[in-house]
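> There's a structure below that I have some questions on.
The values are calculated or read from the model by the stated rules, or taken from the named source; none is laboratory data. Keep in mind the model is a prediction, meaning the values are calculated, not measured. Note that each Cβ is placed from the backbone with ideal geometry, even for glycine, and that neighbours are counted across all protein chains shown.
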Amino acid sequence: MRDVPEHLSLPRHSAKPALDVGLLSLVTDRIDDAVMEAAPRLRAVLAGRVRIARGAEATIRAMTVAAGIGNTSAYTWLKVPVVEEMERVMAATTLPALLLGGEVSAAQDATFESWRRALKLPTVQGLVIGRSLLYPPDGDVAAAVDTAVGLLQEGK
């Protein structure tokens, strides 16, 4: 393990392994605390970029792999891409989940609507969004953030 600055609270043993399904462990006081990104990756590179597989089956498989990592899933959350059949996808796990924002789309209203539907599912607890809000197609970051906040407020 490389040297880590003292101000970071890292465990003295190695973190959980990153798998090809795109897992990301958050390093905290406990090695079992984690947010796992259950976003299956296509092996083929399309137009110079690795793409997330958008199918329900691939996402369910990635979620089950992510849920099985470590000694316990008691402190594990999933980061899940919004795909077709989200009801079936989220029914495949009891773990709490955060939705990934996905790629920036010209059809931002459709993206917001997919988030709205998914946020109503019982295990979905929130959003983890970057580019979709930072680079909206119309350039209005404040409006995009306001919309996302509104979705979170009406979600439950």
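Results for (1) part of a strand (DSSP E or B); (2) within 25 Å of GLN153 (Cβ to Cβ); (3) over 11 Å from the mean Cα position of the chain (by Cα); (4) at pLDDT below 90, shown as yes or no for each residue.
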{"position": "VAL50", "(1), (2), (3), (4)": "yes, no, yes, yes"}
{"position": "GLU57", "(1), (2), (3), (4)": "no, no, yes, yes"}
{"position": "LEU99", "(1), (2), (3), (4)": "yes, yes, no, no"}
{"position": "THR111", "(1), (2), (3), (4)": "no, yes, yes, no"}
{"position": "ARG116", "(1), (2), (3), (4)": "no, yes, yes, no"}
{"position": "GLY126", "(1), (2), (3), (4)": "yes, yes, no, no"}
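> Please find, within segment 123-151, the residue that is nearest to VAL80 (Cα to Cα) out of those that are in contact (Cβ under 8 Å) with a residue 24 or more places away in the chain and among the small types (Gly, Ala, Ser). Step through it out loud before you land on a result.
Filtering segment 123-151 for residues in contact (Cβ under 8 Å) with a residue 24 or more places away in the chain gives 123-133, 135-138, 144, 147-148, 151.
Among the residues that remain, those that are also among the small types (Gly, Ala, Ser) are: 126, 130, 132, 144, 148.
Numbers: GLY126: 11, GLY130: 14, SER132: 15, ALA144: 20, ALA148: 17 Å.
Within segment 123-151, the match that is nearest to VAL80 (Cα to Cα) is GLY126.
> Which one is farthest from ARG61 (Cα to Cα) among residues in segment 96-108 that are touching a helix residue (DSSP H, G or I) at 6+ places or on another chain (Cβ under 9 Å) and surrounded by fewer than 19 Cβ atoms within 10 Å (Cβ to Cβ)?
It comes out as GLN108.
> Going by what's in this entry, would SER132 be described as at pLDDT below 90, crowded, with 16+ Cβ neighbours inside 10 Å and assigned to a helix (DSSP H, G or I)? Break it down into steps so the answer makes sense when it comes.
Numbers: at pLDDT below 90: yes; crowded, with 16+ Cβ neighbours inside 10 Å: yes; assigned to a helix (DSSP H, G or I): yes.
In short, yes.
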